[in-house]
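Engineer: Structure provided below as structure tokens; questions to follow.
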Amino acid sequence: MIRVLVADDQALVRTGFGMIIGAQPDMEVVGEAADGVEAVEMARRLRPDVALFDIRMPRMDGLQALRLLAGPGVADPIKVVMVTTFDLDEYVHQALRNGAAGFLLKDSGPALLVEAVRAAMSGDALISPSITVRLLEHLSHPVPQGDDGGLSPRELDVVRLIARGRTNAEIAAELFISVGTVKTHLGSVHAKLGTRNRVEIAAWVWERRLVS
């Protein structure tokens, strides 16, 4: 079972997410938090497989809670998917930089929510398709072009496709390589860039304007 923690200051949202998660045969909600402080405490105590955090919460917002649980320097990070009503650029940028395993809008629908939980569980990450390109291509503080991070030409091909939201299977088909080879390239990319998931790779690509 995939153990999920839900944190949102609105009881109706927590109930709705709980119903969606509970309807899956391989998922269960292990806790619900109404604010950021409670979310951090419960996450550390329950160690869920995946946590769903709202951004705007009382006492401590979701981004600060994310940073405490998955940010740089956290030894044993928890997989946190940010789910919010507000698709503001600065929110996404902060979430990506602090280890988010996904970023969804609340109106994305049940199927995408479940997909995001599964992606986080498998070590992948998902961003609402409606905001992926618009938000990532406008990340603040762009890095000058020409910084390739030491990636090979084929690795650059792979990361560009990741930045466009392609799955491993789609990347393999487009580049005429096997899925296993894609995973090998991803392992090398993570090692060279110090990234932990596809969201951080996408952010790296867009910051350097490696895709148009």
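The values are calculated or read from the model by the stated rules, or taken from the named source; none is laboratory data. Since this is a predicted model, take the numbers as computed values, not measurements. Counting neighbours? That spans all protein chains shown, and the Cβs are built from the backbone with ideal geometry, glycine included. Quick note on the areas: whole protein, heavy atoms, side chains included, nothing else; ligands and nucleic acids left out. Shrake-Rupley method; radii C 1.70, N 1.55, O 1.52, S 1.80 Å.
Engineer: Rounded to a whole number, what % of the accessible area of the chain do carbon and sulfur atoms account for, probe 1.4 Å?
Structural biologist: C and S fraction of accessible area: 55 percent.
Engineer: Let me ask something additional. Here are several values of Cα extents along the principal axes in Å: (1) 52, 38, 32; (2) 48, 37, 32; (3) 61, 34, 32. Which one was derived from the coordinates shown?
Structural biologist: Comparing each candidate, only (2) matches the computed number.
Engineer: Here's something else I'd like to know. Taking a probe of 1.4 Å, how large is the accessible area per residue of segment 2-127, in Å²?
Structural biologist: Spelled out: the 1.4 Å probe surface of segment 2-127, per residue, equals 42 Å².
Engineer: In addition: Quick one: pull the percentage of alpha-carbon pairs in segment 2-127 with a separation above 18 Å.
Structural biologist: More than 18 Å apart: 43 percent of the Cα pairs in segment 2-127.
Engineer: Go ahead and estimate [θ] at 222 nm for the chain from helices alone: -39,500 (n - 2.57) per DSSP H run with n ≥ 4, summed, over the residue count, rounded to 500.
Structural biologist: -14000 deg cm²/dmol
Engineer: Of the candidates N98, N197, N168, which one comes out as most mobile in a Gaussian network treatment of the chain with C-alpha springs shorter than 10 Å?
Structural biologist: Highest fluctuation of the listed residues: N168.
Engineer: Also, I was wondering about something else. Please give the net charge around V29, taking every other residue with its beta carbon less than 14 angstrom from that of V29, where Lys and Arg add +1 and Asp and Glu add -1.
Structural biologist: -3
Engineer: Let me ask something else about it. Pick from V50, V182, V159: which is most flexible by mean-square fluctuation in a GNM of the chain where alpha carbon atoms under 10 Å apart are linked?
Structural biologist: Largest GNM mean-square fluctuation: V182.
Engineer: For G109, what residues show an amide H to amide H distance below 5 Å, using hydrogens built from the backbone and excluding near sequence neighbours?
Structural biologist: Amide H neighbours of G109: none.
Engineer: Next question, about the same structure. In percent, what relative contact order does the chain have, based on Cα pairs under 8 Å that are 6 or more apart in sequence?
Structural biologist: With pairs under 8 Å counted, the relative contact order is 16 percent.
Engineer: At 1.4 Å probe size, with every protein chain present, just tell me what the per residue accessible area of segment 153-208 comes to in Å².
Structural biologist: Here the residues of segment 153-208 average 43 Å² of exposed surface.
Engineer: I would also like to ask the following. Which residue fluctuates the most in the chain, going by a Gaussian network model with Cα springs under 10 Å, if the choices are A75, A116, A172?
Structural biologist: Comparing A75, A116, A172 in a Gaussian network model of the chain, the most mobile one is A75.
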